[in-house]
Every structure is written in C-alpha cells, then in structure tokens.
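Notes follow the structure.
The values are calculated or read from the model by the stated rules, or taken from the named source; none is laboratory data. All of these numbers come straight from a predicted model, not from anything done at the bench. Here the Cβ positions follow ideal geometry from the backbone for every residue, glycine too, while neighbour counts run over all protein chains shown.
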Amino acid sequence: MSKLIISVSGLRGIVGETLTPEVACRFVASYSAALPPGPIVVGRDGRTTGPMLAGAIMSALNACGRDVIDAGVAATPTIGVLVRERSAAGAVQISASHNPPPYNGIKLFGSSGRVLDAESGAKIRDGYFEGQAAWCAYDKIGETTADSDPHAAHLDKVLATIDVDLVRGKAFSVLIDSNHGAGGLLGKRLLEVLGCDVEAVGAEPTGLFAHVPEPTAENLTGIASRVADGSCAVGFCQDPDADRLALIDEMGRYIGEEATLALCVTRAMMVGRTGGPIVINGATSSMSAMVAKQHGVETLRSAVGEANVADMMIANEAAYGGEGNGGPIDPDVGYVRDSFVGMAQVLDLMARTGKPLSQLADELPKMAIHKDKAEIDVEELPAIFKRLQEHFHDADAQTGDGLRLQWGDSWLLVRGSNTEPIVRMIAEAETQAKAKSLCDAAAGLLNA
C-alpha cells in the first residue's frame with residue numbers, strides 16, 4: 001500500500017487505499033477550522049474519482065457550517081482567481097496533478113487566491129493529525145451552490161495581459177492537448193476567443209488519460225506528430241489540472257516546459273514588465289534569468305515549490321515569476337502557476353515578433369539540464385552538504401533548500417526528497433556533458 005503524502009500545501013494518495021472519503025473529510029474539517037468566516041470554493045480536475053471526493057468534501061464543509069461554491073471541473077489557476085472573485089475564505093482543489101489515474105489529492109488555497117503558504121499549511125496539517133474539526137449543530141449546516149460560470153473571470157484576466165486584437169489578426173492554427181483533464185474547458189474557449197483555428201485533443205474532462213499525464217517529451221510523441229502533420233503553428237500540452245504547459249513547435253519538435261517560462265519572461269521583458277525582479281525556484285533553468293539579465297532585471301531564486309515562489313514574488317513585488325515545470329506566474333492574473341497565461345502570452349510573443357515558435361525557442365540562451373537521484377538516509381545530508389561544499393569550494397553556495405552551488409550560469413542543486421529516502425541532484429550547464437559531470441561528481445561524494 002502506498003503512503004499518503006501530506007504536505008503543507010495539501011495531500012495526495014491512492015483512492016481506496018490511503019485516500020478515502022474519511023481522510024478527505026477529516027482533512028478539510030481541519031482546514032475549515034483554521035479559516036476566517038466565509039464560503040469555500042471547491043473544484044476538481046477531470047479524474048474519475050473527482051465527483052466522489054467532491055461530494056464528500058462539500059458535505060464535510062457544509063457540516064462545519066460552511067457555504068460551498070461548487071466550481072465543478074476547473075483548472076487549478078482558475079480556482080485561485082475564483083476565490084478572489086467570489087470573496088471566498090479559501091478553496092479546495094481536488095487533483096493529483098500529473099500522478100497516474102489511481103491517485104487523487106487535495107490542494108488548499110487561502111483567501112488571497114494562492115496556494116497556502118508553508119506556515120498556514122503546517123497548521124492545517126498538524127490539525128489534521130490532532131483531529132481538529134468544528135462540526136456544527138443541525139441548524140448551522142452550510143449550503144452548496146453551483147457556480148454558473150467559474151471560468152469567465154479567469155479568461156478576462158488572462159486576455160487583459162495581451163494584445164488580443166493583434167493575436168486575433170494572426171488567426172493561428174493551434175493544437176491543444178488537455179489529455180482529458182481540467183484544461184480543455186477554458187483552454188479551447190480562450191483559444192477560440194483569440195481567433196485561433198483550434199484542434200482540441202482530449203478536451204472532455206473524463207479523466208481517462210490518452211497518454212501518461214505528465215507533459216514530457218516521451219509522453220507526447222503522438223501529439224508532436226499531430227502538430228506537425230496538421231500544419232499547426234504551436235502545440236499546447238497541459239497536465240491534468242492545467243497549471244503546467246509544455247510546448248511543441250510547428251515542426252513537431254518538443255520545446256518543453258523550461259522553455260515555456262523562458263518564452264513568457266522574454267515576452268514580459270518585451271512589453272516592459274521590468275519594474276521589479278523576476279522570481280524562479282532553485283531548480284529552474286537559468287534561461288529565464290539570462291533573458292531577464294539582458295533587460296537589466298534581477299532574478300531571485302526561491303526554494304522549490306509554488307508557494308515559495310509566490311511568497312518571494314509578493315515580498316519583493318516581482319514583475320513576473322514561475323517554475324521551470326511549465327508554470328508561469330503572472331501577478332496580474334494571480335500567484336498560481338497558469339497554463340492559460342502561458343498559451344496566451346506565447347501567442348502574443350509570436351504575433352509581436354512575427355517569428356515562428358521554432359525560431360523563438362532557438363533564440364533562447366542554450367543551457368542543458370541533467371537530473372539524477374540516489375537512495376540516502378536523510379540524517380546523512382548535513383555531512384554530505386559539507387563534503388560537497390569542500391569539494392566545490394569555488395562555487396557560490398546557498399543553503400536552506402538543500403545545497404545549491406552556482407558558477408556563473410552553471411549550477412548544481414542537491415536536496416533531500418520530501419516524500420522518499422532519496423537525494424535528488426539537478427545540474428545545469430552549457431552542455432549536457434558538463435551538467436552530467438556535475439551530477440556524477442556529486443554522486444561520487446555521497447558516500448565518501
């Protein structure tokens with residue numbers, strides 16, 4: 001039986017094993033007890049177990065005296081916008097992101113429409129373990145109301161960030177692969193509003209994934225062929241809850257997720273979003289930082305995790321941010337990774353420059369990432385980090401989220417997993433060989 005993964009941002013597990021209706025109800029009861037007064041938004045991705053969990057969760061929140069706004073199937077960034085638009089106390093998004101079909105999960109939002117920060121999330125996690133709940137009397141039970149159009153406000157906010165008429169005038173032919181997750185509902189609507197000729201693949205949110213749900217190159221070979229064969233200008237590929245976006249160019253070449261953020265940063269700099277720093281996490285490619293530097297904009301790096309990026313963006317009044325897993329974060333829309341922001345702004349970049357996606361991608365700074373992992377006892381990490389710092393004494397060392405070593409535009413991140421007894425090693429350099437050599441050197445020092 002797999003382990004239920006509980007973190008400061010929510011939980012994730014296999015339905016019927018570690019994630020049961022009872023677990024979900026107790027978890028959201030702890031969440032409700034920690035929130036200020038007000039309704040709570042509940043949404044879900046397209047997974048087949050979503051309706052069952054949504055029913056249990058909405059009933060539990062009603063039993064805590066909460067009114068519930070039922071958003072139905074909606075993307076994770078849409079839920080963030082809806083919290084603010086409906087003046088809600090928070091939101092529960094039911095999704096396991098890119099995990100396989102047996103999984104589902106719960107992601108928690110605060111009243112500001114962003115994923116809970118670490119401190120707030122830790123209190124709810126601890127409350128769950130302590131059995132905290134605030135069940136109410138029969139005459140205080142809350143009510144559930146379905147939202148008539150949960151996507152409209154998000155659509156408007158995304159459109160407000162671009163030159164809609166310019167994009168419409170290009171009449172781009174595009175393919176969107178939502179893989180039967182939550183992204184097809186707003187994704188197709190957005191692209192049609194932008195005047196695109198849309199081929200929508202997997203738009204129905206059935207949860208019956210047509211391919212492995214994480215939008216990586218090996219999982220998108222069939223989609224890449226369809227983009228090229230269909231003479232599309234771009235292929236947009238979402239994960240199940242649509243907070244991540246991978247790109248395929250007009251030749252059917254997988255551009256990937258790291259390039260999504262770098263292209264969005266390129267476009268942000270082009271339109272003058274230079275009044276503050278950008279924020280990326282410690283495992284994100286330096287491509288975005290190099291683009292920002294060309295425009296005199298500072299890049300700050302947070303600990304890995306969307307909540308950490310959002311925290312640093314808010315604290316430093318960042319102009320833009322995101323994570324290299326295909327998740328741009330535009331503060332004009334919300335502090336949530338957003339595939340719809342990515343789609344609209346990449347199309348805007350193509351329209352402004354008149355360049356095809358392949359050329360725009362080729363013009364990005366060239367960097368290569370290599371990833372590795374090894375089994376290790378977490379108690380050994382301090383000694384390992386000390387050995388690494390002594391060996392790589394010429395690097396700029398940062399701690400707090402594992403150990404991050406920086407040499408110019410090259411870097412090595414070594415950090416313990418939050419969910420497994422392993423250490424992850426991620427390196428980026430000018431060539432794949434150099435990136436791999438950094439990981440290999442780190443691996444050789446693990447048990448020195």
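Below, the figures for the structure above:
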| read-out | value |
| --- | --- |
| Residue in the stretch 231-241 that is under 17 Å from GLY342 (Cβ atoms), surrounded by fewer than 24 Cβ atoms within 10 Å (Cβ to Cβ) and touching a Ser or Thr at 6+ places or on another chain (Cβ under 7 Å) present | yes |
| So VAL167, is it part of a strand (DSSP E or B), buried (at least 16 other Cβ atoms within 10 Å of the Cβ), of a type in the set (Val, Ile, Thr) and not assigned by TED's automatic domain parsing to the domain that holds ALA24 | no |
| Selection status of VAL81, surrounded by 22 or more Cβ atoms within 10 Å (Cβ to Cβ), touching a residue at least 40 places away in the same chain (Cβ under 8 Å), of a type outside the set (Phe, Trp, Tyr) and touching a Pro at 6+ places or on another chain (Cβ under 8 Å) | no |
| Condition met for GLY400 (closer than 22 Å to GLY305 by Cβ, surrounded by fewer than 14 Cβ atoms within 10 Å (Cβ to Cβ) and touching a residue at least 24 places away in the same chain (Cβ under 8 Å)) | yes |
| Those helices (runs of 4 or more DSSP H) lying entirely in the stretch 1-86 with at least 1 residues among the basic types (Lys, Arg) | 21-34, 76-85 |
| Residue match in the stretch 386-393 (condition: acidic (Asp, Glu), more than 16 Å from ALA283 (Cα to Cα) and in a loop (DSSP other than H, G, I, E, B)) | no |
| Which listed residue, of GLY16, GLY38, is farther than 18 Å from SER120 by Cα and not basic (Lys, Arg) | GLY16 |
| Boolean, ALA133 is outside the structural domain of LEU191 (by TED's automatic domain parsing), touching a helix residue (DSSP H, G or I) at 6+ places or on another chain (Cβ under 6 Å) and in a strand (DSSP E or B) | no |
| Sole residue being modelled with pLDDT of 95 or more, surrounded by 17 or more Cβ atoms within 10 Å (Cβ to Cβ) and not assigned by TED's automatic domain parsing to the domain that holds ASN179, chosen from ALA33, ALA29 | ALA29 |
| Tabulated pairs, the stretch 102-126, first surrounded by fewer than 24 Cβ atoms within 10 Å (Cβ to Cβ), second among the charged types (D, E, K, R), C-beta under 6 angstrom, 6+ apart or interchain | GLY113/ARG84; ASP117/ASP311 |
| Residue, nearest to LEU364 (Cα to Cα), within the stretch 303-320, restricted to residues that are outside any helix (DSSP H, G or I) and among the aliphatic types (A, V, I, L, M) | ALA319 |
| Some residue of the stretch 140-147 being in a loop (DSSP other than H, G, I, E, B), acidic (Asp, Glu), touching a strand residue (DSSP E or B) at 6+ places or on another chain (Cβ under 7 Å) and on the phi < 0 side of the Ramachandran plot | yes |
| Index of the failed condition, LYS366 passing every other in (1) surrounded by 15 or more Cβ atoms within 10 Å (Cβ to Cβ); (2) of a type in the set (Lys, Arg); (3) out of contact with any strand residue (DSSP E or B) (no Cβ under 9 Å at 6 or more places or on another chain) | (1) |
| Residue among ALA91, ALA152, ALA134, ALA118 that alone is in contact with a Cys (Cβ under 7 Å, 6 or more places away or on another chain) and of a type in the set (A, V, I, L, M) | ALA134 |
| Residue check for MET251: more than 23 Å from the chain's Cα centre (by Cα), closer than 18 Å to GLY322 by Cα and surrounded by fewer than 24 Cβ atoms within 10 Å (Cβ to Cβ) | no |
| Only listed residue being farther than 22 Å from MET270 by Cβ, basic (Lys, Arg) and either out of contact with any Cys (no Cβ under 6 Å at 6 or more places or on another chain) or not assigned by TED's automatic domain parsing to the domain that holds CYS232 (or both), chosen from LYS366, LYS373, LYS355 | LYS373 |
| Residue match in the stretch 168-186 (condition: within 22 Å of ARG337 (Cβ to Cβ) and among the basic types (Lys, Arg)) | no |
| Some residue of the stretch 270-288 being over 16 Å from the mean Cα position of the chain (by Cα), surrounded by fewer than 21 Cβ atoms within 10 Å (Cβ to Cβ) and closer than 30 Å to ARG424 by Cα | yes |
